[in-house]
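Report on the following structure.
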Amino acid sequence: MKVNQAAFQAGLFDPAAPAPTGLQNPDGAPATKRFDVYRNNVAVSLSDALEAAFPVIHKLVGDQFFRAMAGVYLRKHPPSSPLMMFYGEKMPQFLRRFPPAQSLPYLPDIAKLELAMRRAYHAADETAVNPQALAALAPDALLASRLRLAPSVQVLTSDYPIHGIYRANTTNDAPKPVMQPEAALITRPGFDPQINLIDRSSANCIKALMDNTPLGETLTDDRLDLGATLSLLLGQSAITEIH
């Protein structure tokens, strides 16, 4: 008897579901135990993938909580792609609605940060511009220019100290986070992504540049230190074209 593929997939993510009709042992008996073992192995593998994808979340909540949470997540959001490197894209929204996580309201933004680091790691390579090319522009030409940023560049803003929390859980002797809003710039100047603490005005400027806004039109905040923002982008090999 042919096994219904939709029923097989649905059964994988429902621990209460029976083995799909038609799934049999070599002796013709229903393969209930074998399916239970396979279903458990799938859940364990996906939980491991989530733990690898969100190491800071895992550290913040502990192994027991994370495993229980992952079990709920993977049944609500099974993989939509065979590429496990991108599994967990809906974790921020999930954490925002997950009742046991409400005592740690910064978790969704930490999940966004970990996703951004992962996207930066897997982003396409592009050659950075020579910093002198920007310095050589006349002021009017500079303000009229549009800067293309590397695909690895990500910007996040939060009501919580996402940079401080991330650093405190990934770097030895990092200072204790101060509970205040923070913004972060993710870059990949080499092989691995880097997280840079920036202020909100720099974050808004960089976001505007990512939307192809001319540089002069990003100067909407008197608190913006444009020189420092451009120096950071150049130093992180984040500018790839000047138009």
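The values are calculated or read from the model by the stated rules, or taken from the named source; none is laboratory data. All of these numbers come straight from a predicted model, not from anything done at the bench. Surface areas here come from the heavy atoms of the whole protein model, side chains and all, with no ligands, DNA or RNA. Shrake-Rupley method; radii C 1.70, N 1.55, O 1.52, S 1.80 Å.
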Just to confirm, what accessible area per residue do you get for the range 105-224 at 1.4 Å probe, in whole Å²? 53
The range 109-185: projected area of the alpha-carbon convex hull, averaged over directions, in nm²: 7.2
Quick one: compute the contact order of the range 43-160, relative version, from alpha carbon pairs under 8 angstrom and 6+ residues apart, as a percent. 24
Just report the Cα centroid separation between the range 204-221 and the range 99-146, whole Å. 13
Carbon plus sulfur, as percent of the 1.4 Å-probe accessible area of the range 177-243, comes to 49
If I take every Cα pair under 8 Å that is 6 or more residues apart in the range 74-114, average their sequence separation and divide by the length, what percent do I get for the relative contact order? 30
Express the C-alpha Rg of the range 58-201 as a ratio against the empirical globular expectation 2.2 N^0.38 Å, rounded to two decimals. 1.25
If you scale each eigenvalue of the Cα gyration tensor by 5 and take the root, what three semi-axes come out for the range 78-136, rounded to whole angstrom and sorted largest first? 34, 18, 6
Contour minus Cα-Cα distance for Asp211 and Gln132 (0.36 nm per residue): 26.1 nm
Solvent-accessible surface (1.4 angstrom probe) belonging to Thr240, in square angstrom, nearest 10: 10
With N residues in the range 187-243, Rg(alpha-carbon) / (2.2 N^0.38 Å) equals 1.11
Taking only the alpha carbons of the range 138-243, what extent do you get along each of the three principal axes, in Å, biggest first? 44, 32, 20
Of Tyr106, Tyr73, which has the most accessible area and how do the rest follow, probe 1.4 Å? Tyr106, Tyr73
